[in-house]
Amino acid sequence: MGIIKYPQGVYTEGMHNYKLRSLAISATLHCLLGCSIGEVAGLILGTAFGLSNFATFSISIVLAFVFGYSLSIRPLLRAGLALAVAVPIILAADTLSIASMEIADNVVMAIIPGAMNAGLSNPLFWLTIPLSLGVGFVVAVPVNYYLLARGRGHALVHEFHSGHAAGHGGHSTHTHDGDTHDEHAHDMNKGA
């Protein structure tokens, strides 16, 4: 069992995996919020205007990405990053998570008979949305876990949430499988 040393303390490998699972769930819930807003708005618009399934899915997916990225970029901008610096970080951090969630939840919407053709007053429409988003969440958690375990995905923005960057100076050290790694956050505002 490896030992991982963070500035906040030393953790066993099992504790590290628990922390990663917790962060993956948290990152996925964050993604779910943005995706849900966009997805529901797109489905409502497509259904209300009688658009084709393709047009409705397209609007829903675009809005899910827009709202997902918008919610993710706010902490970076509050931390003082320039928009030109924050946008590439968000694209790298959230694209795979949002994409996996969108694929899963749109597949569910497409395979449930009548869900896409149900009107806004039909309970099938409203029951299918949380089901599809729930499936999207379940699919996206392992994606976020995989990314976080490799220092990718939401890990790229985590240090900017709630002022974490100032709290540890952008530096962490951890030991994994006997190897010690120092990680320094690059000056994200350089050249901005």
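The values are calculated or read from the model by the stated rules, or taken from the named source; none is laboratory data. Since this is a predicted model, take the numbers as computed values, not measurements. Cβ sites come from the backbone with ideal geometry, for glycine too, and all protein chains shown count toward neighbours.
Points worth noting:
- Output for segment 93-111, where each listed residue is farther than 30 Å from Leu156 by Cα and surrounded by fewer than 16 Cβ atoms within 10 Å (Cβ to Cβ): Ala110, Ile111
- Conditions (1) buried (at least 18 other Cβ atoms within 10 Å of the Cβ); (2) under 22 Å from Val135 (Cβ atoms): number failed by Ile73: (2)
- Across segment 71-95, the qualifying residues are those that are in a helix (DSSP H, G or I) and small (Gly, Ala, Ser), and the one among them that is farthest from His30 (Cα to Cα) is Ala84.
- Of the residues making up segment 25-39, just one is at pLDDT below 90 and of a type in the set (A, V, I, L, M), namely Ala27.
- Filter pass, Gly114 being in a loop (DSSP other than H, G, I, E, B), small (Gly, Ala, Ser), modelled with pLDDT under 85 and at positive phi: no
- Test for Ala93: is it over 17 Å from Leu133 (Cβ atoms) and at pLDDT 90 or above: no
- Pick from segment 131-156, criterion more than 16 Å from Thr95 (Cβ to Cβ) and in contact with a helix residue (DSSP H, G or I) (Cβ under 7 Å, 6 or more places away or on another chain), ranking: surrounded by the fewest Cβ atoms within 10 Å (Cβ to Cβ): Leu131
- Per the conditions (1) modelled with pLDDT of 50 or more; (2) over 17 Å from Ser36 (Cβ atoms), the sole criterion not satisfied by Gly169 is (1).
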